[in-house]
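Okay, so here's the structure we're looking at.
The values are calculated or read from the model by the stated rules, or taken from the named source; none is laboratory data. Note that the coordinates shown come from a computational prediction; the quantities given were computed from them, not determined experimentally. Here the Cβ is made from the backbone with ideal geometry for all residues, glycine too, and neighbour counts use every protein chain on show.
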Amino acid sequence: MKKALTLLLAMTLVLSMGVVAFAGGGEKTTEVSYTTATTYVVTVPAAQEFTSSTVSTSGKVEAKDVLIEDGKQLKVSVQSANDGKLTYECSEIAYTATCNSATVNDTQAHVVLTVAAGITSGEATLNFATDSNKIAAATKAGKHVDTLTFTCEVVTATT
């Protein structure tokens, strides 16, 4: 008896969930959708180090698995904390970081990579350079450092 009553209640519940599709005539529609999230993976160059014999080096900024809305673009910018100088206390060593022949290591944010909607990857090369005269200008022994901050953002595409 309990099983029969349980089955009857379950059937009543299932049948009450239905939608009357054509009551009163006409056509009815149901939208089925899924919204994908904006996703991307950006890698930036590993630590770059100058030595007395290595005064230039390079690294890649790469974007992959880019999925963004139409009319948008992924923009990767870089900015130097020390205005293009490796510093240690009051000692400085000047250097340059360039991308597509433009200097990008000052205190302004510079776009180094742009990936448009519909493109799934992109890359840019950053070139770092100093010279032995600049290294010799250091006034203190110790590790001289600059920090480059990379910023990724999805913005409205520019034409």
Self-check item: Residues (surrounded by 15 or more Cβ atoms within 10 Å (Cβ to Cβ) and farther than 16 Å from Val104 by Cα) located in region 141-159
Solution: His144, Val154, Ala157
Exercise. Would you mind stating whether Thr29 is over 30 Å from Leu148 (Cβ atoms) and either modelled with pLDDT under 90 or in a helix (DSSP H, G or I) (or both)?
Key: no
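Out of the residues in region 125-140 that are of a type in the set (Val, Ile, Thr) and part of a loop (DSSP other than H, G, I, E, B), which is nearest to His110 (Cα to Cα)? Working first, answer last.
To start, the set of residues in region 125-140 that are of a type in the set (Val, Ile, Thr) comprises 125, 130, 135, 139.
If we keep only those that are part of a loop (DSSP other than H, G, I, E, B) as well, we get 130, 139.
Values: Thr130: 20, Thr139: 30 Å.
The extreme case among them is Thr130.
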Quiz item: So, of the residues in region 48-78 that are outside any strand (DSSP E or B) and hydrophobic (A, V, I, L, M, F, W, C), which turns out to be surrounded by the most Cβ atoms within 10 Å (Cβ to Cβ)?
Solution: Ile68
Quiz item: Can you tell me which residues in region 86-98 are surrounded by fewer than 19 Cβ atoms within 10 Å (Cβ to Cβ) and within 21 Å of Thr151 (Cα to Cα)?
Solution: Thr96, Thr98
Quiz prompt | From the options Ala46, Ala63, Ala102, residue that is under 30 Å from Lys140 (Cβ atoms), under 23 Å from the mean Cα position of the chain (by Cα) and of a type in the set (Gly, Ala, Ser) | solution = Ala46
Exercise. Could you grab the pairs with beta carbons closer than 9 Å, sequence gap of 6+ or different chains, first residue in region 69-83 and under 16 Å from Gly122 (Cα atoms), second one of a type in the set (D, E, K, R)?
Key: Leu74/Glu153; Lys75/Glu153; Val76/Glu153; Ser77/Glu153
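Please tell me if Thr156 is modelled with pLDDT of 95 or more, out of contact with any Asp or Glu (no Cβ under 8 Å at 6 or more places or on another chain) and of a type in the set (Ser, Thr, Tyr). Show your work before the answer.
Details: modelled with pLDDT of 95 or more: yes; out of contact with any Asp or Glu (no Cβ under 8 Å at 6 or more places or on another chain): yes; of a type in the set (Ser, Thr, Tyr): yes.
The answer is yes for Thr156.
Evaluate region 142-159: report whether one residue or more is over 18 Å from Val44 (Cα atoms), out of contact with any strand residue (DSSP E or B) (no Cβ under 9 Å at 6 or more places or on another chain) and part of a helix (DSSP H, G or I).
Kept after step one, since they are over 18 Å from Val44 (Cα atoms), are these residues of region 142-159: 142-144, 155-159.
Still in the running and out of contact with any strand residue (DSSP E or B) (no Cβ under 9 Å at 6 or more places or on another chain): 159.
Checking which are part of a helix (DSSP H, G or I) leaves us with none.
For region 142-159, residues over 18 Å from Val44 (Cα atoms), out of contact with any strand residue (DSSP E or B) (no Cβ under 9 Å at 6 or more places or on another chain) and part of a helix (DSSP H, G or I): absent.
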